Amino acid sequence: MAAISISCSFFTPQALSRPNRTRNKISAKPSKLSSLRKANLQRELELKSRGGDRPDAGGEATTYTRLPPREDFSDVSLLSSSYLKLSEEVKLSEANVAGVEEKVETLEENDEEEEEKEREVKEYDDEDIWGNYRRLDVFEGSSGLIDEDDDEDDEVFEYGDEDVERAGLKDGEAICFSGEVEEEDEEDEEEEIGVKEKGVPAVMRCFDRAKIFVKAGDGGNGVVAFRREKFVPFGGPSGGDGGRGGNVYVEVDGSMNSLLPFRKSVHFRAGRGEHGRGKMQSGAKGVDVVVKVAPGTVVRQAKEVGSEGEGEEEEEKEVLLELLHPGQRALLMPGGRGGRGNASFKSGMNKVPRIAENGEEGPEMWLDLELKLVADVGIVGAPNAGKSTLLSVISAAQPTIANYPFTTLLPNLGVVSFDYDSTMVVADLPGLLEGAHRGFGLGHEFLRHTERCSALVHVVDGSAPQPELEFEAVRLELELFSPEIAEKPYVVAYNKMDLPDAYEKWPMFRETLRARGIEPFCMSAVQRDGTHEVISSVYELLKKYREANAEPKGLYDQVSENLDHVAKKIDKERRAAINEFEIFRDRGTGAWHVVGAGLQRFVQMTNWRYMDSDKRFQHVLEACGVNKTLKNMGVKEGDNVIIGEMELVWHDSANGSSRPTNSNKTSTDSVRWPQWK
Ligand SMILES: Nc1nc2c(ncn2[C@@H]2O[C@H](COP(=O)(O)OP(=O)(O)OP(=O)(O)O)[C@@H](O)[C@H]2O)c(=O)[nH]1
Ligand SMILES: [Mg+2]
């Protein structure tokens with residue numbers, strides 16, 4: 001007879017993950033802040049040297065609603081990742097140059113000091129953590145108490161900067177605090193000039209992308225209790241089951257049109273189920289958490305923050321959910337099952353079961369959210385062409401309009417209605433520059449929002465020196481960004497006809513486009529002249545598209561569509577059969593690893609504090625064939641066997657004397673344990 005005995009070292013997932021988190025937190029911060037300060041200082045000096053000492057001159061982008069005025073637009077922190085290159089071109093007076101050098105030197109010295117401090121803190125921190133961990137280990141091993149509530153687990157929402165730090169996030173990855181937290185790694189400086197993700201203020205980066213963490217609630221633990229009542233001798237087991245953990249849902253909120261709320265709230269944790277109680281009382285279910293997203297959000301699984309390879313260029317992950325219609329709701333993660341209390345283990349052979357299960361841990365996942373606005377028509381064009389003006393004239397939307405490029409930083413949506421049932425949603429996008437597909441300007445950040453548009457309005461600035469060239473450049477950018485977008489039907493609207501300059505150039509422009517088989521419209525958005533023709537024409541295109549792609553389903557069907565496939569998949573994976581496992585040996589340590597989702601879940605739910613748990617455990621290992629396979633593979637006396645978080649020691653015991661639970665008279669083989677579910 002062979003058996004595995006428990007060697008008393010419990011690996012709790014919390015204990016293992018804690019040190020890493022703390023280390024990340026401490027190592028990430030100081031160097032980043034110092035480089036940031038340096039960049040800000042340099043920028044300040046640069047602005048001074050230009051004679052402009054404006055306080056609102058970009059850079060500090062916490063509450064951006066618009067970019068800084070034009071003269072500051074060449075500001076490198078906003079426009080390019082090649083910060084140093086451009087800043088060299090700024091001419092400083094000699095005094096200023098000396099000042100800059102001095103300050104940069106001081107900053108470098110400070111940097112070194114900070115790095116040293118950081119190293120010290122890190123070392124100390126590591127020691128501290130491992131010291132605590134060891135203490136924790138001993139405490140857990142020797143504790144015989146029933147699990148206490150973990151307050152942290154009971155929180156439904158956790159968010160805020162502190163939490164982000166606690167989770168060991170790196171700035172600028174999952175969460176975008178503000179433009180201030182831009183990283184300026186050496187590596188990034190070496191990056192291709194064209195790629196300029198870093199120059200985009202946080203509020204824009206977070207408009208349509210977010211990375212969030214979701215965790216379903218853990219199940220509550222079952223308990224061991226016996227009925228004690230007057231005149232009821234041998235009342236029997238009465239320990240109730242734990243409650244189910246809360247679920248995580250994702251719901252489309254029609255009032256949202258960006259993912260900006262996820263800038264600050266990153267962690268979504270459903271509540272854990274309550275533990276069972278005596279008198280057959282089951283625990284209450286954990287509180288569900290609902291993550292609200294904007295219509296048009298695509299949900300993908302993301303790499304864990306801080307994990308290896310995170311941040312690397314990776315192939316697109318499989319889309320988990322695509323949520324388009326307000327009211328759609330998907331069950332993303334089911335809560336963990338509640339552990340059974342001892343009343344559930346009562347059987348004819350075992351009338352006094354001293355066993356109860358832990359609640360099942362709820363699944364957790366990092367998610368990438370991407371928003372592609374659901375608009376019927378997209379307004380594109382060069383900066384300052386009058387796109388926002390057009391939207392403000394044709395709909396009730398009130399976008400910011402101003403006479404400088406890149407007034408619009410984030411897409412604006414407006415609803416245009418002709419009559420009761422002929423309406424369309426129009427999106428005004430930031431202006432496109434030549435080179436936008438390589439990351440110049442802002443428009444490219446948002447071009448993906450036109451992917452779901454059925455038609456486009458291309459606004460051309462008639463007052464531009466050469467409107468034809470401007471038109472060509474924007475068309476080229478669309479084609480380079482995505483041929484699919486370029487193939488969408490579009491209407492050309494030549495704007496600012498009220499200006500003599502534009503009026504004069506119109507015949508020439510029209511001829512050029514006619515030669516290419518395009519019939520352009522002319523208008524003056526400010527005076528509302530010709531805008532109706534433009535919008536009617538684009539509506540005709542839209543109607544044709546709708547007819548060609550008539551959706552068979554009604555809106556009700558779309559909303560009530562069952563989107564619970566992700567939860568079902570997760571459930572299926574977790575409920576893998578217990579006899580599906582693999583065993584391999586670690587050559588270095590000589591330990592045997594038993595890997596299998598079902599078995600690991602079983603180990604996690606086994607509550608070792610109760611007497612019968614070990615018996616049941618041995619029984620399951622025997623029944624599902626782990627012992628037999630280990631023996632066939634040549635396991636020897638004293639070898640370590642690792643299953644999930646549990647480390648065990650193998651005993652070859654012909655007489656069964658080394659079996660730790662044999663002191664109890666009940667034979668494990670004679671007990672019929674309730675089915676594992
Ligand atoms: N004279 C004249 N000016 C116009 C007309 N349409 C827009 N403008 C002006 O052009 C400037 C830019 O207009 P916006 O609507 O902000 O241009 P935009 O294309 O949205 O610009 P960005 O958002 O920066 O890309 C503003 O000063 C408008 O008043 C027009 O028909 N005639
Ligand atoms: Mg605009």
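The values are calculated or read from the model by the stated rules, or taken from the named source; none is laboratory data. Treat the numbers as computed from the prediction; the structure is a model and nothing was measured. Glycine gets a Cβ as well: all are built from the backbone with ideal geometry, and neighbour counts include every protein chain shown. For the accessible areas, the whole protein counts, side chains as well, though only heavy atoms, and no ligand, DNA or RNA atoms are used. Shrake-Rupley method; radii C 1.70, N 1.55, O 1.52, S 1.80 Å.
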**Study point:** Any pair with Cβ under 7 angstrom, 6 or more apart, that starts in the range 474-491 at a residue that is over 9 Å from residue 456 (Cα atoms) and ends at one that is part of a loop (DSSP other than H, G, I, E, B) and among the acidic types (Asp, Glu)
**Key:** 477/434
Review point. Quick one: what pairs do we get from the range 380-392, first residue under 18 Å from residue 477 (Cβ atoms), second near ligand 2 (Cβ under 8 Å from one of its atoms) and in a helix (DSSP H, G or I), C-beta under 6 Å, 6+ apart or different chains?
Key: 381/387
Check your understanding: So how many residues does the range 390-409 have that are more than 10 Å from ligand 2 (Cβ to nearest atom) and under 34 Å from the mean Cα position of the chain (by Cα)?
Key -> 4
Point to revise | Total residues in the range 578-595, condition open to solvent by less than 90 Å² (accessible area, probe 1.4 Å) and either within 22 Å of residue 301 (Cβ to Cβ) or part of a strand (DSSP E or B) (or both) | key: 5
Point to revise | Flag for residue 321 being in a strand (DSSP E or B) and among the hydrophobic types (A, V, I, L, M, F, W, C) | key: yes
Check your understanding: Quick check: anything in the range 544-562 touching a residue at least 60 places away in the same chain (Cβ under 8 Å), within 30 Å of residue 393 (Cβ to Cβ) and within 16 Å of ligand 2 (Cβ to nearest atom)?
Key -> no
**Study point:** Contacts under 7 angstrom Cβ, first residue in the range 461-473 being in contact (Cβ under 8 Å) with a residue 12 or more places away in the chain and open to solvent by less than 20 Å² (accessible area, probe 1.4 Å), partner acidic (Asp, Glu) and within 11 Å of ligand 1 (Cβ to nearest atom), 6 or more apart
**Key:** 467/461
Study note, to complete from the structure: Here the residues within the range 243-255 that are open to solvent by 10 Å² or more (accessible area, probe 1.4 Å) and either in contact with a Ser or Thr (Cβ under 9 Å, 6 or more places away or on another chain) or part of a strand (DSSP E or B) (or both) are 249, 251
Check your understanding: So which of 628, 615 is part of a helix (DSSP H, G or I), at pLDDT below 90, crowded, with 20+ Cβ neighbours inside 10 Å and of a type outside the set (A, V, I, L, M)?
Key -> 615
Review point. Can you pull out the strands (runs of 3 or more DSSP E) entirely within the range 349-441 that have at least 1 residues that are away from ligand 1 (no atom under 16 Å from the Cβ) and modelled with pLDDT of 85 or more?
Key: 364-371, 412-419, 422-428
Review point. Before we move on, is residue 450 within 16 Å of ligand 2 (Cβ to nearest atom), at pLDDT below 85 and assigned by the TED database to the domain that holds residue 508?
Key: yes
Check your understanding: Given the conditions (1) in a strand (DSSP E or B); (2) surrounded by fewer than 13 Cβ atoms within 10 Å (Cβ to Cβ), which single one is not true for residue 636?
Key -> (1)
